[in-house]
1. With the structure loaded, tell me whether Ala63 is under 21 Å from Met79 (Cα atoms), within 14 Å of the chain's Cα centre (by Cα) and either surrounded by fewer than 13 Cβ atoms within 10 Å (Cβ to Cβ) or in contact (Cβ under 8 Å) with a residue 12 or more places away in the chain (or both) or whether it fails that test.
2. Need pairs with beta-carbon distance below 8 Å; first residue under 17 Å from Leu53 (Cβ atoms) and touching a residue at least 40 places away in the same chain (Cβ under 8 Å) and within the stretch 23-40, second of a type in the set (Val, Ile, Thr) and assigned to a strand (DSSP E or B); sequence gap 6+ or separate chains.
3. For residues that are open to solvent by 90 Å² or more (accessible area, probe 1.4 Å) and among the polar types (S, T, N, Q), scanning just the stretch 29-54, find the one that is farthest from Ile81 (Cα to Cα).
4. Going through Asp65, Asp60, Asp94 one at a time, which residue ends up being assigned to a strand (DSSP E or B) and of a type in the set (D, E, K, R)?
5. For the stretch 27-44, give me the residue count where each residue is within 14 Å of Ala76 (Cα to Cα) and either part of a loop (DSSP other than H, G, I, E, B) or touching a helix residue (DSSP H, G or I) at 6+ places or on another chain (Cβ under 9 Å) (or both).
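The values are calculated or read from the model by the stated rules, or taken from the named source; none is laboratory data. Please read these numbers as outputs of a predicted model, since none were measured by experiment. Reconstructed Cβ throughout: ideal geometry from the backbone, glycine too, with neighbour counts over all protein chains shown. These accessible areas exclude ligands, DNA and RNA; they are computed on the full protein's heavy atoms, side chains included. Shrake-Rupley method; radii C 1.70, N 1.55, O 1.52, S 1.80 Å.
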Amino acid sequence: MAEVIDYLRDQNNVLRIANGDFVKGDATNKHQQTLLVTEAGEFKQFPTAGVGLMNFMLGDNTADDLRTAIQKEFEADGMHIIDMTISGTAVQLDAQYNEPD
């Protein structure tokens, strides 16, 4: 599967800097986390992007509703979900970006 190289951020979502320059690396996990917590409408360029995990956890949605939303958003972002487990308030994912054509 493909790696997505991007500028890396620390636990506080601050850009990492080393030797006076921004640090680049595989940002797949950060992209996944961002898609999960982002609500639709938060990105001006992509207004429908985002699962909105908090709304799912606080609303009357089922695990199947959440599974469908995650599948849709990850596929739209170019990812393939290998494995997904939803148990209570825990979501475990194994997903990777597809190789470019």
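1. Considered against the rule, which asks whether it is under 21 Å from Met79 (Cα atoms), within 14 Å of the chain's Cα centre (by Cα) and either surrounded by fewer than 13 Cβ atoms within 10 Å (Cβ to Cβ) or in contact (Cβ under 8 Å) with a residue 12 or more places away in the chain (or both), Ala63 comes out as no.
2. Listed pairs, sorted by first residue: Leu36/Val91.
3. Here the residue is Gln45.
4. Asp94
5. Selection size over the stretch 27-44: 4.
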